[in-house]
């Protein structure tokens, strides 16, 4: 306790010294300007080199397909974060596989994604409480309130990465779910035109690259796995944990059964596409039916009081004037 009291006294004296505070602020501003200048110079040098721009574009396209990350292109900050989080990755294979699957469903399939995720959790665990605690200490907050808010920021820093990851997964799954019926229709056209299943998947991935890049990326990964020698059924089944969608699981099961029993893929895909469109229409109708209930709270909080003020305000004011005049 004595050491903490001495530290608090020193911070108090330092904050009360205007000259020291001014020099510290100037040093911080100078450091920020220096770092931003270095970043700007690096970006300008990369932009001025057309060969490097071409190589970076090719590397970005490769990363978008297989989820790879080039070690040589990583900035030092990313490498530092990876080293920081590498020791925090769970040793248990099931826990490590669970977090890797969750990150893949969010669109992060790099080998270092888990390490970077745990590094982000450590940053939230340390940096956010330090910022909050330092700000409250600078404002002269009471010790009890300072401790409570710092503990609350610590809890937020721990839970924020998981909450962000879950939100990212839900958003990506929604994008994939909305894009799947269009992809199925295009796949039906390709199969009925005489293309095989693998060629149809590759054609759909190529055609939907601009309109639905997320689903196109998943199909591209499947094609890359098939070209690498993986069995078509295994490559299709590997798409299920990458997306976490029941619709993808149903599509893969349908295609695997069609390949196993030799049934017509076009007819199977057409039936499944119709079911997907009906399901999407029902989901849209369900969301539309919820709008009325969701509007009750804003109407009750904002519109009804405003209407009462406009409708009853002038009569009440006039009534008040008459009573005051009569008195």
> Quick one: which of 199, 205 is surrounded by 15 or more Cβ atoms within 10 Å (Cβ to Cβ) and under 26 Å from residue 234 (Cβ atoms)?
Replying inline: 205
>> Being within 31 Å of the chain's Cα centre (by Cα), touching a residue at least 60 places away in the same chain (Cβ under 8 Å) and not assigned by TED's automatic domain parsing to the domain that holds residue 99 is true for just one of 270, 242. Which residue is that?
In response: 242
> Given 154, 186, 146, 160, which one is part of a helix (DSSP H, G or I), free of Cβ contacts under 8 Å to residues at least 40 places away in the same chain, assigned by TED's automatic domain parsing to the domain that holds residue 249 and in contact with a helix residue (DSSP H, G or I) (Cβ under 7 Å, 6 or more places away or on another chain)?
Replying inline: 186
>> Quick check on this structure: which one of 280, 227 is under 24 Å from residue 199 (Cβ atoms) and surrounded by 11 or more Cβ atoms within 10 Å (Cβ to Cβ)?
In response: 227
> Has the stretch 92-105 got any residue that is outside any helix (DSSP H, G or I) and modelled with pLDDT under 75?
Replying inline: yes
>> Against the condition surrounded by fewer than 13 Cβ atoms within 10 Å (Cβ to Cβ), assigned to a helix (DSSP H, G or I) and in contact with a helix residue (DSSP H, G or I) (Cβ under 9 Å, 6 or more places away or on another chain), how does residue 252 come out, does it pass?
In response: no
>> When the residues of the stretch 258-275 are narrowed to those that are farther than 18 Å from residue 192 by Cα and at pLDDT 80 or above, which ends up surrounded by the fewest Cβ atoms within 10 Å (Cβ to Cβ)?
In response: 260
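The values are calculated or read from the model by the stated rules, or taken from the named source; none is laboratory data. Because the structure is predicted, anything quoted here is derived from the model rather than measured. FYI the Cβ positions are ideal-geometry reconstructions off the backbone, even for glycines, and counts take in every protein chain you see.
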